[in-house]
1. Return the pair list, or none, for Cβ contacts closer than 7 Å from residues in segment 341-365 that are touching a residue at least 12 places away in the same chain (Cβ under 8 Å) to residues that are open to solvent by 80 Å² or more (accessible area, probe 1.4 Å), at least 6 apart or on different chains.
2. Output yes when any residue across segment 52-66 is touching a Phe, Trp or Tyr at 6+ places or on another chain (Cβ under 6 Å) and either part of a helix (DSSP H, G or I) or in contact (Cβ under 8 Å) with a residue 24 or more places away in the chain (or both), and no when none is.
3. Looking for whichever is closer than 30 Å to Ile156 by Cα, surrounded by 14 or more Cβ atoms within 10 Å (Cβ to Cβ) and of a type in the set (S, T, N, Q) here; the options are Gln71, Gln43. Which one fits?
4. With the condition being away from ligand 2 (no atom under 16 Å from the Cβ), I'd like the helices (runs of 4 or more DSSP H) fully within segment 215-309 carrying at least 3 qualifying residues.
5. Select from segment 183-194 the residues that are more than 9 Å from ligand 1 (Cβ to nearest atom) and either in contact (Cβ under 8 Å) with a residue 40 or more places away in the chain or within 13 Å of Val222 (Cα to Cα) (or both) and write down the one among them that is most open to solvent (accessible area, probe 1.4 Å).
6. Out of Val169, Val174, Val125, report the one residue that is open to solvent by less than 50 Å² (accessible area, probe 1.4 Å), within 23 Å of Ala76 (Cβ to Cβ) and not small (Gly, Ala, Ser).
7. Just to verify a result, which residue in segment 212-263, among those that are away from ligand 1 (no atom under 16 Å from the Cβ) and either basic (Lys, Arg) or open to solvent by less than 40 Å² (accessible area, probe 1.4 Å) (or both), is nearest to Ile310 (Cα to Cα)?
Amino acid sequence: MLTTAEALEQVLAAMPKLAAEAAAVSAATGRILRQTVVAERDQPPFDRVMMDGIALAYADLVAGTTSFPVQCTQMAGEPAKHLEAGKAIEIMTGASLPVGADCIVPVERITIDDGVATLEDGYEVEERQFIHPRASDHAQGSELLVPGKRISPLDIAVITSAGLTEVAVSRAPVIRIISTGDELVPAGERIEPHQVRMSNGPAMQALLEKHGYTDCEHDHLVDERDVLKEWIAVHLDAADVIILSGGVSMGKADYVPEVLAELGVEVIFHRISQRPGKPMWFGKGPDGQSVFALPGNPVSALVCCRQYVIPALAKALLAATQAPEFASLASDVTFKPDLTCFQPVRLISNAAGQVLAMPVKTNTSGDFTALSATDGYVELPRDQAEFPAGTPVFLHRW
Ligand code: AMP
Ligand code: MG
């Protein structure tokens, strides 16, 4: 049976590369950047004054002058004025340094009487103090952001400062989630004792949304071959990515793999040596659609969605790969089966600055209520059975 690493590798290799499109910067947060963002100008674009005060020539101070007639005032947004020898220009934070000035004395360190500014007794001035030199943050033409970055609110400042109102981003993938199962009833509808609330679809939708994927509709299909075939075909026509839950195990109504085969979806793998989520199925549709058929058990479905679907979407959008994250186990774990264990955890940090992963027991892979108390899960390799507290492990946050 495929290892978890092999399964992820095969999923990533099968993902298409989605095209780029233009997005207004106001709607670009969370999207994947597909262009280089280059500095429009030097930053700062001029020698920028960093304090409200007066601008002086350092040479005048060296010559022993401590009182300076105020020549004029320079506000932010005005072109640089020319400082006359022996004088001061009253100046505001953000203004251009006047020509001939090379230091700023803050307003708190001076008094102004009758148009003459006098320095505080004993105040020592350094040459070029409180001046943010032109281009000291970056030069015009510097690469500020590179393709693959998920655009953060902080990047919006960078993109806007480069003068852009639009950026190239990956187009949003069209995702369809299909919950299968005769027993499933949506919230809000009358339910019988033998039926089950349909929670996987809304939960996976929410998980995908949290990761930035919002074009994500949900449908429910009963366990009937014809119904599955008819409606999965409709969704295949509409979507880049299909995520099914349920119907991939060994039950008599688990028709999903055979229906997908009839629809021309080529199987890439069925089953991964992991728990939860061992029955997961993955294939490629006739038009390159990625089809994830996840086991219906809620913990399995959510772990498989986070472990395989989320990285696959990032790959399709050409997102830069994320560095793996690690945590230390907060308590001992024993896991005997020869399978990789995805163990749900709650994160705590200790006074030594470590991130500790506290295992949270789920009763079965159907015990999804326990997941509410978790931040993610850790990966316990299959060639081991005992994992003492302190073991460093891969961490996957929801
Ligand atoms: P299956 O993979 O179809 O055999 O389903 C495994 C278990 O998960 C069964 O107990 C189902 O009732 C349950 N299940 C399947 N789909 C869902 C869903 N969408 N929401 C909640 N439970 C589900
Ligand atoms: Mg089922």
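The values are calculated or read from the model by the stated rules, or taken from the named source; none is laboratory data. A quick note: this is a predicted structure, and the numbers were derived from the prediction, not measured. Here the Cβ is made from the backbone with ideal geometry for all residues, glycine too, and neighbour counts use every protein chain on show. We work out accessible area using only protein heavy atoms, side chains counted, and drop any ligands, DNA or RNA first. Shrake-Rupley method; radii C 1.70, N 1.55, O 1.52, S 1.80 Å.
1. Partner pairs satisfying both residue conditions: Cys341/Arg275; Val355/Ser349; Leu356/Ser349; Met358/Arg346; Val360/Arg346.
2. No, segment 52-66 contains no residue that is touching a Phe, Trp or Tyr at 6+ places or on another chain (Cβ under 6 Å) and either part of a helix (DSSP H, G or I) or in contact (Cβ under 8 Å) with a residue 24 or more places away in the chain (or both).
3. Answer to the check: Gln43.
4. 225-238
5. My answer is Pro186.
6. Unique residue meeting the criteria: Val125.
7. Of everything passing the filter in segment 212-263, Tyr213 is nearest to Ile310 (Cα to Cα).
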